[in-house]
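Structure, as structure tokens:
The values are calculated or read from the model by the stated rules, or taken from the named source; none is laboratory data. Only a predicted model underlies this, so the values are computations on that prediction, with no experimental measurement involved. Cβ sites come from the backbone with ideal geometry, for glycine too, and all protein chains shown count toward neighbours. Accessible surface areas use protein heavy atoms only, side chains included; no ligands, DNA or RNA. Shrake-Rupley method; radii C 1.70, N 1.55, O 1.52, S 1.80 Å.
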Amino acid sequence: MKRPLSLLLSFSLLFLLVLTNCKSRPAAPTGLVTEKAMVVSAREEASKIGAEIMKKGGNAFDAMVATEMALVVAYPFAGNLGGGGFMVYRKSDGDVGGLDYREKAPLAAHKDMYLDSLGNVIPEMSTKGATAVGVPGTVAGIMAVHEKFGSLPLEEIFEPIIELAENGIVVTENQANRFAAVKDRILEVNDSVTTFPIDCKVNDTVRYPALARTMRKIAKEGHDGFYKGEIAKTLASFIQEKGGFITEEDLAKYEAVWRQPIIFNYKDLKIISMSPPSSGGVTINQILKMIEPYDIGDFDHNSEKSIQLFTEAARRAYADRNYYLGDPDFTEIPLDVLLGKAYLENRMADFSFEKATKSSDISEGSVQMAESMETTHYSIVDAQGNAVSVTTTLNGAYGSKLYSDELGFFLNNEMDDFSAKAGVPNMFGLIGAEANSIAPEKRMLSSMTPTIVEKEGELWMVVGTPGGSTIITAVAQTILNGYEYNMSMQEAVNAPRFHHQWLPDVVIFEPEGFSNDLIESLKSKGYLINEERTPIIGKVDAIRVLADGRLEGGADKRGDDTAVGF
Ligand code: GLY
């Protein structure tokens, strides 16, 4: 039977309409969906405690304090009292801000403190033991949040944390493996004696009575309970006995700083991310704005072209990161230029899909990332629509490995995030410059990228990840996965990732999701691929607000990460 032409046209139009709608219709959720509030973090205990605080009537900021503290108990790998972090928030009325509770160099620090008499970097002095420790910022951070936005009494928020430390946590397989992997180094740093339960096996319950005592004091006395008096005295003497530099004066002088976040548009998204001394916001801004003119969504997800485009933008952005960025209280950062349209267009002017740009003469593999890249991130949305995105860290796994038996927590090795010597890579292979050189009371440059995304003026995504230098690319890829490739939050978090950071001039791929043909084709275009090292890249914990206002969690399948809400 012959169809009349008009009927055929109507069918074609209908088909086109359906196709267009399919592409623009938001992806159905595949992660946990809740009606009102959610916490996604590296540990179920922490997500549960954060969510419970909101159920009791607390807001996202109360939940931030609770989740941060619960991670100290449940995830000592990166959760911390002896480290620092960054928070970006967006209140339900659209007001946004950022908090810097990054560690600082002690007063005794100086530019060449990690160099020997010949001017060479002394191996491990900035990564291991007491000499690596920066002045911790975490307690100042949570207290600043609580003072400005908290609604529940501090002691009520701390109650379940102290209970958790006293009653104990059950060791997961991932955790047991981590204990085993660092046991020797923890013993070495702590002179073969530690009360930290490094011999624990899967399903053992570990209790932290010393930590519970410390937490009780902080709950009662707030900021000064940690930075002045008994804890400060114990902490400073302990670090100095072990050869470190931190004094009671360093602790007494520490303050968290509220900072204006980096805010920019990517198509119809508004992205709010952390400003210096984190490089996260500036670098993700540069990467996404360099990509924007190319419509990356027209290339398939993780296809050769999309990898090339992302890699070349990251190459240029990390080169700027390493040269220009540092603590804004010490370093003039030309943000207007670095984030300007003309500058970023010009940066990509020599990009070609035909062949890779060369970063430098440093050959593949000459710089290695020496250690797992650990930090932790959590995302929170409360029933009022307040959103909190926090990344916090000890830097390396269990930081400097220095553990105070008396106080019950690890100390960071954040001093390694400074540039100990211009041109010499740190443990993430990042090369620094004068902007990130060491000075007393200066904050070391970070890659932490706690981020909140608005779509059409409404809260859309809360996102972040651990992963050292790979944090920025992992967050950027997760946003692109959700926005350009229309993935659900859980799919966007789970999708395979890759990373490039200018130097070393290699692209790193996760073990799964990238075919040999793809890798060979990239190699033929001049990309140097690190094939020996295919680590996991980041552990993203994120929340997406669905069109009907419900929340979808994205808890990274790469770890024990869990979304909890109601
Ligand atoms: N310690 C890792 C970072 O702040 O980037």
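If you scan region 441-465, which residues turn out to be more than 10 Å from the ligand (Cβ to nearest atom) and of a type in the set (G, A, S)?
Result: G457, G464.
I'd like the full set of residues that are in contact (Cβ under 8 Å) with a residue 40 or more places away in the chain and under 26 Å from the mean Cα position of the chain (by Cα), limited to region 163-180.
Selection gives L164, A165, I169, T172, N174, Q175, R178.
Being part of a loop (DSSP other than H, G, I, E, B), free of Cβ contacts under 8 Å to residues at least 60 places away in the same chain and surrounded by fewer than 20 Cβ atoms within 10 Å (Cβ to Cβ), is that true of even one residue in region 279-299?
Looking through region 279-299, at least one residue is part of a loop (DSSP other than H, G, I, E, B), free of Cβ contacts under 8 Å to residues at least 60 places away in the same chain and surrounded by fewer than 20 Cβ atoms within 10 Å (Cβ to Cβ).
Take K539 and decide whether it is basic (K, R) and within 16 Å of the ligand (Cβ to nearest atom).
So K539 passes the test.
Of the residues Y114, Y89, only one is closer than 27 Å to A46 by Cβ, open to solvent by less than 20 Å² (accessible area, probe 1.4 Å) and touching a residue at least 24 places away in the same chain (Cβ under 8 Å); which?
Criteria check complete, one pass: Y89.
Can you name the number of the only condition in (1) farther than 18 Å from I186 by Cα; (2) away from the ligand (no atom under 16 Å from the Cβ) that F409 fails?
Of everything listed in (1) farther than 18 Å from I186 by Cα; (2) away from the ligand (no atom under 16 Å from the Cβ), F409 misses just condition (1).
Could you list, in sequence order, the residues of region 421-454 that are part of a loop (DSSP other than H, G, I, E, B) and buried (at least 24 other Cβ atoms within 10 Å of the Cβ)?
Listed by number, the residues that qualify are N426, L430, G432, M444, L445, S447, M448, T449, P450.
Which is closer than 30 Å to G297 by Cα and surrounded by 14 or more Cβ atoms within 10 Å (Cβ to Cβ), of I218, I263?
Exactly one residue qualifies, and that residue is I263.
Among the residues of region 226-247, how many are crowded, with 17+ Cβ neighbours inside 10 Å, in contact (Cβ under 8 Å) with a residue 60 or more places away in the chain and assigned to a helix (DSSP H, G or I)?
Number satisfying all stated conditions: 6.
Taking V193, is it β-branched (V, I, T) and assigned to a helix (DSSP H, G or I)?
Taking the combined requirement at face value, the residue does not satisfy it.
Conditions (1) crowded, with 24+ Cβ neighbours inside 10 Å; (2) in contact with a Ser or Thr (Cβ under 6 Å, 6 or more places away or on another chain); (3) part of a loop (DSSP other than H, G, I, E, B), marked per residue:
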site: T470; (1), (2), (3): yes, no, no
site: N481; (1), (2), (3): yes, no, no
site: M487; (1), (2), (3): no, no, yes
site: Q501; (1), (2), (3): yes, yes, yes
site: D505; (1), (2), (3): no, yes, yes
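State which residue is farthest from the chain's Cα centre (by Cα) when the search covers only region 507-523 and only residues that are charged (D, E, K, R) and in a loop (DSSP other than H, G, I, E, B).
Top of the filtered list is E512.
List pairs: first in region 373-402 and within 10 Å of the ligand (Cβ to nearest atom) and open to solvent by less than 10 Å² (accessible area, probe 1.4 Å), second assigned to a strand (DSSP E or B) and at pLDDT below 95, Cβ under 9 Å, 6+ apart or cross-chain?
Filtered contacts from region 373-402: no entries.
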